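Values in this text are rule-based calculations from the coordinates and carry no lab data. Just so we're clear, the structure is a prediction, and the values are computed from it rather than from any experiment. Note that each Cβ is placed from the backbone with ideal geometry, even for glycine, and that neighbours are counted across all protein chains shown.
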């Protein structure tokens, strides 16, 4: 699957179909990519019409890179889940079945964890936009932050659902702790974002 080359309609049609992929993981990544795109827009709109860099100019390249990374991770999530499905269909006595299952479960867990981290980075850019943007872009920065938080929470579900597939309890617990830590940090940052948004309409 190449999400970047698809139209938005094609992606949504496939997402809405009975096809197992794309699913919640890649859908979350694309929600995060929308947030990153909005951060890029806010950065560009705060540049001067003369071309002089504005207060958010340094966020533009970061936002573009995060958007590209999330689209890349959307495809990685599809590939990881498809490999996991392939392993589920292996005969019970297939050589190296358990090793293949472990490797597939690892990839299917690492990918949404990477989506969580990338979404958190988008949230930080959105908060910067809320703090520094001119007034007519504040709502866009707010949407960016809320979208990125939704991405983080959605990706966490895809981490958690794969944890029972690990036979190694230490590895399973390590992934849970990483996801929990990112969720905690994301919740705190989301609270700051909402405070900034609410303060605009008091």
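Shape of segment 1-116 from its Cα gyration tensor (a ≥ b ≥ c, root eigenvalues): rounded if a/c is under 1.5, otherwise prolate when a/b > b/c, or oblate? Taking the square roots of the gyration eigenvalues as a ≥ b ≥ c, segment 1-116 is prolate. Compared with the dominant principal axis of the Cα atoms in the chain, helix 24-45 is inclined by about 20°.
Helix 97-132 and the longest principal axis of the Cα set of the chain meet at an angle near 10°. Where only DSSP H runs of four or more residues are counted, the chain gives -27000 deg cm²/dmol as its mean residue ellipticity at 222 nm, each run worth -39500 (n - 2.57). A protection proxy built from the mean count of other Cβ atoms within 10 Å ranks the segments 188-201, 130-143, 89-102, most packed first, as 130-143, 188-201, 89-102. Extension gain, residue 9 to residue 187: 0.36 nm times the residue separation minus the Cα-Cα distance gives 61.0 nm. Here each label is just a point 7 Å from Cα along the line to Cβ, and for residue 49 and residue 132 those points are 2.3 nm apart.
Between rounded, prolate and oblate, where does segment 147-202 land on the alpha carbon gyration tensor, with a ≥ b ≥ c its root eigenvalues, rounded for a/c under 1.5, else prolate if a/b exceeds b/c? Note, shape of segment 147-202 comes out prolate. Segment 57-96 and segment 133-202 have Cα centres separated by 19 Å. Listed peptides 105-118, 151-164, 12-25 appear in the order 105-118, 151-164, 12-25 once ranked by packing, highest mean of other Cβ atoms within 10 Å at the front. Given R0 = 35 Å, the distance between the Cβ atoms of residue 64 and residue 88 translates into a calculated FRET efficiency of 0.40. For Rg and Dmax of the Cα atoms in Å, the value computed from the atomic coordinates appears in the list (1) 15.6, 48; (2) 15.5, 44; (3) 18.8, 68 under label (3).
To the nearest 10 degrees, how steep is helix 169-200 against the longest Cα principal axis of the chain, on a 0 to 90 scale? That works out to roughly 20 degrees. Output the relative contact order of segment 22-200, whole-number percent, from Cα pairs under 8 angstrom with separation of 6+ residues. Once normalised by length, the contact order is 29 percent.
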